[in-house]
Amino acid sequence: MDEPVDASDIRENTIASKNRRIARNTLLLYVRMLFIMGVSLYTSRVVLAVLGEVDYGVYNVVGGVVVMFTMISAPLTAAVTRFLNFELGRGHMLMLRRVFSTSVNIQLIISLVIFLLAETVGVWFLNAKMNIPAERMWAANWVLQCSIAAFVINLLSVPYNATIIAHERMNIYAYISILEVSLKLLVVYLLVISPCDKLAAYAVLLAVVALGVQMTYAIYCRRHFAECRWSRHIDRPMMKKMLGFSGWNFIGAASGICRDQGVNIVLNIFCGPVVNAARGIAMQVNTAINSFVQNFMVALNPQITKSYATGEREYMFSLLFRGARFSFYLLLFLSLPVLVNTSWILHMWLEEVPGYTVVFVQLVLAFAMCESVSTPLITAMLATGDIRNYQLLVGGLQLLNLPGSYVLLRMGMPPQSTLVFAIIMSVSCLIARLWMLRGMIGLPVKAFCTKVLLNVLLVSLLSGCVPVALSLVMEPSLATFVATSLASVACGSWAILYVGCQRSEREFVINQIRKRLHI
């Protein structure tokens, strides 16, 4: 007679399988990210050199005008991802098809609305309110039109991208992303040899790349996922459900866009395009480093939503705690050498460093580390579908970034004061998220504060003391960069392993290192 199977053993094996899937998907995304990061940093340097500070700043801020309209589309993007993950967790194929088809119909409608708004309000704002040299206004209008085209193309591809992530096909996601960044590398080469106006040519070429990449996503999904079949029939109940979810999520999306792109436009009005160039470079550095965390969360997010859908609360909480800690650790580990050597790195990377770039980079990375702790909490909130009160409170706090920054600049404060204010508001939003999620999903806030917040604070102090001390006593140079980077790696690794990790996590990491090194 067969021995009875222990239910707890089955559950442990299932959780182990899920954890292995997360680890495998994260590794695939890191391979993608390393390639993208190297190419992106190189292309940023070349583009800045070819366009110059003013045109680079113009591209950064004009593209931001179009990105402002994502406050309409971003809530729907979050809704598509959430509903796809939720139904995959429940295994309902019919509902998956309804979600996909409805999301495509919604995106078509929103694309038309955004196109009309961008061609009216966007064109008026660019020509009447932006601080752009008169001789570059025609090129700025080219950038606006190409940015609108690229934005609409990306918007229509959202259901396809969300489907790939929901199915956890991270290898395909990685391959297509590598294709995209390779095409952007080709764009830089064409930009250098092009006899046309560099700014206008850059905008046109990026729009063409967007079209090619998004067609690749659509073709793959139609061939491999049965639910990716569009129907012109409008499923009114599903549309109402998704729009209801999106309606409250609009507050959070709008507040995030106002914080990032809105403040960028305010900086342009008060300080001009050169400061926009400095902020654009800072965002490039942040994007390159923060990609590690985003890759980790892209692999983790589907499991958080699916565990909520299946009622596995304890497993979900373990994912939230681990996701918050390791998101911060990854960002700290990569940011620390940059934070203590910012000026030297920028002068080695760029031919000419715009003013304020050094302090912008440092503050943007500090802000990113504050936000990294909140990333899994946001996923858990979206998984519940009950987001009205959450968005009213947290979204309302985030919205304060735009008027707060305007007041600071109006008072004559320096441009970097806008980022200091953003960091303060980020901490306030984290406190609000914890308070709200305690009631929404029963999040153990006290345990989160001790096992996550105090933990990452202690790890930060232990990791940074030696590198910071070295940077203060040594002059900026290659030797200083090497010394502080080695100190950052050594102190960071020790602090994360022996202070930041639990015993089981530490043993897992050490065993994996030994296995890879054949020790």
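For segment 145-243, the extents of the C-alpha atoms along the principal axes are 53, 30, 18 Å, listed from largest to smallest. As a ratio to 2.2 N^0.38 Å, the alpha-carbon radius of gyration for segment 284-407 is 1.27.
Tell me, Tyr59, Tyr160 in order of fewest to most beta-carbon neighbours within 10 Å? Intermediate values should be presented prior to the final figure.
Numbers: Tyr59 26, Tyr160 23.
By the 10 Å Cβ count, ascending, the order reads Tyr160, Tyr59.
With a sphere of radius 15 Å drawn around the Cβ of Val188, what net charge do the other residues whose Cβ falls strictly inside it have (Lys, Arg +1; Asp, Glu -1)? Write down the numbers at each step before the final one.
Details: positive: Arg45, Lys184, Lys198; negative: Asp55, Glu180, Glu351.
So the environment of Val188 carries a net charge of 0.
The spacing between segment 436-469 and segment 169-237, judged by their C-alpha centroids, is 38 Å. Taking only the alpha carbons of segment 448-519, we obtain Rg and Dmax values of 14.9, 41 Å in that order. Each of Met381, Met425, Met239 has some number of other Cβ atoms within 10 Å of its Cβ, and from fewest to most they run Met239, Met425, Met381. Here's the picture: charge each Lys and Arg Cβ at +1 and each Asp and Glu Cβ at -1 in segment 361-460, and of Val394, Gln416, Ser405 the one pushed furthest to the positive end of that dipole is Val394.
One-quarter of the Cα convex hull surface for segment 360-424, in nm²?
Working: hull surface 19.0 nm².
For segment 360-424, the mean projected area of the Cα convex hull comes to 4.7 nm².
How long are the semi-axes of the ellipsoid equivalent to segment 393-519, from square roots of 5 times the Cα gyration tensor eigenvalues, in whole Å, largest first?
Values: eigenvalues 236, 149, 23 Å².
The answer is 34, 27, 11 Å, longest axis first.
In a DSSP loop and with at most 12 other Cβ atoms within 10 Å, the GluC sites (Glu not before Pro) in segment 307-386 are Glu351, Glu352.
When Thr43, Thr305, Thr342 are sorted by how many other C-beta atoms sit within 10 angstrom of their C-beta, beginning with the fewest, the order is Thr43, Thr342, Thr305.
Readers should treat all values here as calculations from the given coordinates under stated rules, not as data from a laboratory. All of these numbers come straight from a predicted model, not from anything done at the bench. Note: ideal-geometry Cβ built from the backbone for every residue, glycine included; neighbour counts use all protein chains shown.
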